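Student: Here's a structure for you.
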Amino acid sequence: MGPANPAPPATPAEAGPGADPDRWWHGGVFYQIYPRSFADSNGDGIGDLPGIISRLDHLAALGIAGIWLSPVTVSPNRDWGYDVADYCDIDPDFGTLDDLATLIREGEKRGIRILLDLVPNHTSDQHPWFVDARSGRDAAHRDWYVWADPGAGGAPPNNWVSIFGGPAWEFDKASGQYFLHNFEKEQPDLNWWSDEVRAAFDHIMRFWWDRGVAGFRIDVCNMMIKDAELRDNPPATEDDPLDQQFMGVKAVYNTDRPEAHDILQRWRHIADGYDTTRLLIGETNVEQLSTLMQFYGNGHNELHGGFNFVFINAALEAGAMRAIVEEVEATLPAGAWPIWTGSNHDVSRLATRWAGGDPAKVRCALMILLCLRGTPFLYEGDEIGLTDGPIEQSDVRDSVGLRFWPYYKGRDAERTPMPWSNAPGGGFTTPGVPTWLPMADPAQCNVADQAADPDSVLAFTRRAIGRRSQNDDLAVGAYRSLPSPEGTWVFARGSATVVALNMSETAREISGLAGRISVATDRALEGTAVDGTANLAPWSGVVVEG
Ligand code: NOJ
């Protein structure tokens, strides 16, 4: 045996997934859809809502409880939906409000609920609020955005820099003031000190709650509100943790302000007042787990869940991941629930970034996501081990990739269309139609072929999710690290289930395992008994139920 790992205090077991309707999502698995790239119903090379509806059975067969839809609201697509020009209507590329209603209804029939993406930090510069704000200093919506007079010699008002590069300020000649944009200049930041902005978003949330959405994923929710005095960010020093140094400054005044919590608590209050099944999941892109925990409030009054970017950015390495999970388990407020993710539309897909295309590593990564205590969010394609798509410079559609190629190639590779089959068009679109981003060769990896192969990654993912839905230990049981050799990760879930992973290049003996293997990265092991010790092949894992 290897060195013993410190065992954090066990978290209390909860009632099973079906027992408490308010916690319907605790034992469930969510699935992120990037709508432009999921399924194209009308042959324009762009995915749409009817396309998603046509593929719901795939998600039902997978055992998905909820979908997070990246934005489907009206957008000029400077940032592909994350620049919203109308928060209460559907972009014609994707369909209509009726299509969304059909998706919600058809999802319900299959036990799948829908989370929309809410983008409160900024709007599109084409949103009527900003068009009005820009029309003059006395405009009704002027104060809905962050305006400031030039600094000395006409310079930007302070030293804040945009996440997407360059100063975070754009000069508006007509009014002689700058406006703030933490992303593209076509994405002006809203002024969250304004009561009118707060009221407008209360209305937007209610608009969608009324239409039956289950909740929201909230874009950059840690960034919404800025320092009221617009103070300069301090220079980063060598002593600052690397992850807090951003282009020479420490971004403490244009992000992670404490007042963001007031807004999130206000929304939680509205959500709970509505009914207690509604969910708020935040894009909490913070670098410290202690900061992430703050977004859970007291465990009951802020976000229901926050994406864990410390975990997303970790290496697929047993010790590193176990340490993150142990810290989360030890510091999460009582009653709060973790979220685990390996891919999304902003980071290289897990099959590439974590697994380097190796299916054995993909299975281990999926086993981790699906067996930890918490709600996993799979990203479209994770379930088949889809790797990043082939993007040449001429294919780039992401503004950040256009700006920084070849130093940073942007986010298109993780947004390429979903390969449904090896038919022409990959089952994504009509044969012969060019897709908005190139599709990886569907002969290499597609849903239909994997659905027919019991040894595929898809078949493994289905089995793992299926077992989770039948075993309360896996769904909601307490997590406890167990001692195990270097390069392995062994943990107990609930009272009678143990998950053992060998994340190393050589076979490893794991002792202390007794019971029956219910799920294994190697299907041949499923159903076999373990009596004490299991010899795990490199990059493999088993779930043992006692
Ligand atoms: C986070 C989103 O996930 C990303 O795609 C977007 O570019 C930024 N927020 C700005 O909205």
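Student: For Asp531, state whether it is in contact (Cβ under 8 Å) with a residue 60 or more places away in the chain, open to solvent by 60 Å² or more (accessible area, probe 1.4 Å) and not assigned by TED's automatic domain parsing to the domain that holds Ala39. If you could, list the steps in order and put the result at the bottom.
Tutor: Numbers: in contact (Cβ under 8 Å) with a residue 60 or more places away in the chain: no; open to solvent by 60 Å² or more (accessible area, probe 1.4 Å): yes; not assigned by TED's automatic domain parsing to the domain that holds Ala39: yes.
So Asp531 fails the test.
Student: Would you check if Ser194 is small (Gly, Ala, Ser) and touching a Lys or Arg at 6+ places or on another chain (Cβ under 6 Å)?
Tutor: no
Student: Within segment 479-491, is there a residue that is among the acidic types (Asp, Glu), without any contact (Cβ under 8 Å) to a residue 12 or more places away in the chain and touching a helix residue (DSSP H, G or I) at 6+ places or on another chain (Cβ under 9 Å)?
Tutor: no
Student: Please specify each residue of segment 178-200 satisfying the condition of being surrounded by fewer than 20 Cβ atoms within 10 Å (Cβ to Cβ) and either within 16 Å of the ligand (Cβ to nearest atom) or assigned to a loop (DSSP other than H, G, I, E, B) (or both).
Tutor: Listed by number, the residues that qualify are Lys185, Glu186, Trp193, Ser194.
Student: In segment 271-282, is there at least one residue being under 23 Å from Val490 (Cβ atoms), within 16 Å of the ligand (Cβ to nearest atom) and assigned by TED's automatic domain parsing to the domain that holds Ile204? Talk me through it step by step, then tell me what you get.
Tutor: Initially, segment 271-282 is screened for residues under 23 Å from Val490 (Cβ atoms), giving none.
Within segment 271-282, none of the residues are under 23 Å from Val490 (Cβ atoms), within 16 Å of the ligand (Cβ to nearest atom) and assigned by TED's automatic domain parsing to the domain that holds Ile204.
Student: Let me ask something additional. Is it true that Ala514 is among the aliphatic types (A, V, I, L, M), out of contact with any helix residue (DSSP H, G or I) (no Cβ under 9 Å at 6 or more places or on another chain) and more than 16 Å from Met367 (Cβ to Cβ)?
Tutor: On the way: among the aliphatic types (A, V, I, L, M): yes; out of contact with any helix residue (DSSP H, G or I) (no Cβ under 9 Å at 6 or more places or on another chain): yes; more than 16 Å from Met367 (Cβ to Cβ): yes.
Here the answer is yes, as Ala514 does meet what is asked.
Student: Within segment 15-73, how many residues are open to solvent by 30 Å² or more (accessible area, probe 1.4 Å), out of contact with any Ser or Thr (no Cβ under 9 Å at 6 or more places or on another chain) and of a type in the set (A, V, I, L, M, F, W, C)?
Tutor: The total comes to 4.
Matching residues to (1) of a type outside the set (Ser, Thr, Tyr); (2) in contact with a helix residue (DSSP H, G or I) (Cβ under 6 Å, 6 or more places away or on another chain); (3) more than 16 Å from the ligand (Cβ to nearest atom):
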{"site": "Gln294", "(1), (2), (3)": "yes, no, yes"}
{"site": "Leu332", "(1), (2), (3)": "yes, no, yes"}
{"site": "Arg349", "(1), (2), (3)": "yes, yes, no"}
{"site": "Ala355", "(1), (2), (3)": "yes, yes, yes"}
{"site": "Asp358", "(1), (2), (3)": "yes, no, yes"}
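Student: Also, quick follow-up: Just one of Asp98, Asp132 is farther than 27 Å from Leu62 by Cα, away from the ligand (no atom under 16 Å from the Cβ), of a type in the set (D, E, K, R) and not in a strand (DSSP E or B); which is it?
Tutor: Asp132
Student: Given the conditions (1) open to solvent by 10 Å² or more (accessible area, probe 1.4 Å); (2) within 16 Å of the ligand (Cβ to nearest atom); (3) farther than 30 Å from Arg23 by Cβ, report the number of the one that Ala168 does not fulfil.
Tutor: It fails just one condition, (1).
Student: Go through segment 101-124 and count every residue that is in a loop (DSSP other than H, G, I, E, B) and touching a helix residue (DSSP H, G or I) at 6+ places or on another chain (Cβ under 8 Å). Write out each step before concluding.
Tutor: Filtering segment 101-124 down to residues in a loop (DSSP other than H, G, I, E, B) leaves 110-112, 119-121, 123-124.
Now drop any that are not touching a helix residue (DSSP H, G or I) at 6+ places or on another chain (Cβ under 8 Å), which leaves 110-112, 120, 123-124.
The total comes to 6.
Student: If you don't mind, another one. Could you tell me whether segment 294-306 includes any residue that is at pLDDT 95 or above, on the phi > 0 side of the Ramachandran plot and of a type outside the set (Ser, Thr, Tyr)?
Tutor: yes
Student: When you go through Thr276, Thr341, Thr331 one by one, which is the residue that is over 20 Å from the mean Cα position of the chain (by Cα), polar (S, T, N, Q) and under 30 Å from Glu486 (Cβ atoms)? If you could, list the steps in order and put the result at the bottom.
Tutor: Numbers: Thr276 fails: under 30 Å from Glu486 (Cβ atoms); Thr341 fails: over 20 Å from the mean Cα position of the chain (by Cα).
So the residue among Thr276, Thr341, Thr331 that is over 20 Å from the mean Cα position of the chain (by Cα), polar (S, T, N, Q) and under 30 Å from Glu486 (Cβ atoms) is Thr331.
Student: Only one residue in Phe311, Phe377 is within 14 Å of the chain's Cα centre (by Cα) and part of a helix (DSSP H, G or I), so which one is that? Lay out the reasoning, then the answer.
Tutor: Values: Phe377 fails: part of a helix (DSSP H, G or I).
One residue alone meets the criteria, Phe311.
Student: Of all residues in segment 101-129, which are within 25 Å of His26 (Cα to Cα) and within 13 Å of the ligand (Cβ to nearest atom)?
Tutor: Scanning segment 101-129 gives Asp117, Leu118, Val119.
Student: Same structure again: Can you tell me which residue is nearest to the ligand (Cβ to nearest atom) among those in segment 283-292 that are open to solvent by less than 50 Å² (accessible area, probe 1.4 Å) and in a loop (DSSP other than H, G, I, E, B)? Break it down into steps so the answer makes sense when it comes.
Tutor: As a first pass, look at segment 283-292 and keep what is open to solvent by less than 50 Å² (accessible area, probe 1.4 Å): 283-284, 286, 289, 291-292.
From what's left, in a loop (DSSP other than H, G, I, E, B): 283-284, 286.
Values: Glu283: 6, Thr284: 11, Val286: 13 Å.
Across segment 283-292, the extreme among qualifying residues is Glu283.
Student: Going through segment 161-177 one residue at a time, which ones are under 17 Å from Ile225 (Cα atoms) and in a strand (DSSP E or B)?
Tutor: Step one: filter segment 161-177 for residues under 17 Å from Ile225 (Cα atoms), giving 161-163, 168-169.
Across segment 161-177, the qualifying residues are Val161, Trp169.
The values are calculated or read from the model by the stated rules, or taken from the named source; none is laboratory data. What you see is a predicted model; the values in this text were computed from it and never measured. For neighbour counting, all protein chains shown are included, and Cβ atoms are generated from backbone atoms with ideal geometry for every residue, glycine included. Heads up: the accessible areas ignore ligands, DNA and RNA and are worked out on the full protein's heavy atoms, side chains in. Shrake-Rupley method; radii C 1.70, N 1.55, O 1.52, S 1.80 Å.
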